[in-house]
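Worksheet for the structure shown next.
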Amino acid sequence: MRKYLLMVIGLLLTAVLFAACGGDDPTPTSAPATVAPPTLIPTTPVTSTVSTSTTAASTTPTLSAQPTSQGDATQGQILFMASCSACHGPNAEGVKGLGKDMTTSQFIASKSDPELLDFIKQGRPVTDPLNTTGVPMPAKGGNPSLTDEQLLDIIAYIRTVHK
Ligand code: HEC
């Protein structure tokens, strides 16, 4: 009888072990299945976030590479009226015998913002071979207090009047 009992217990133990193994099997199978989607889900947003910021980052330099975007044209117009309009006219169309027309200037069209900034800071004396009027363009229009930032605002304004 004891042998029988031992066998029954042995069978029961085996059954339990099988059941345990059988019960274990679905768990690892479902566990990776549960883990896999969360891994995929965060990956997708991260990728799209990175690509979005990359797009934004590449858009910004493209914009700042445009000749128009550096300064504040509204502020520039105010500064232009104060420092440049006496010779270049209130609409930058030039005043004969004083300052050149800016609206059709090939010189301005061909220059980048930093190049124009350099030019305005230096002016153009009558001895300069590029001088066509025999009238000097004073450095900073004769207003030495103008900062680079203010001159870039003026340049932004000049870009808006250029045809
Ligand atoms: C005292 C008069 C006077 C003032 C003020 C003046 N300019 Fe001029 N500017 C001139 C003259 C004259 C020329 C043309 C010189 C020449 O014959 O090349 C000129 C030329 C220029 C040119 C080159 C245009 C071209 O087509 O070659 C730019 C740009 C310019 N001025 C910007 C400015 C800015 C910006 C200001 C204000 C900060 C200013 N000027 C103030 C007299 C002036």
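Contact order, relative form, for the stretch 83-152: 24 percent (alpha carbon pairs under 8 Å, 6 or more residues apart, mean separation divided by residue count).
Ranking request for peptides 106-119, 79-92, 146-159: highest mean number of other beta-carbon atoms within 10 Å first, then the rest in descending order.
Peptide ranking by packing, descending: 146-159, 79-92, 106-119.
A crude spin-label estimate for the pair residue 103 and residue 132, with each label 7 Å from Cα along the Cβ direction, gives 1.7 nm. Overall shape: rounded for the stretch 73-161, with the ratio a/c of the largest to smallest alpha carbon gyration tensor axis below 1.5. Straight Cα distances below 29 angstrom link residue 121 to the lysines 96, 100, 111, 140, 163, with same-chain residues fewer than 8 positions distant left out. Amide H contacts under 5 Å for residue 137: 124, restricted to partners 5 or more places along the chain or on a different chain, H placed in the peptide plane at 1.01 Å from N.
Since every read-out is calculated from the coordinates, none of them should be taken as a lab result. Everything numeric in this text was worked out from a predicted model, so none of it was measured. Neighbour counts are summed over all protein chains in view; Cβ atoms, including those assigned to glycine, are modelled from backbone coordinates with ideal geometry.
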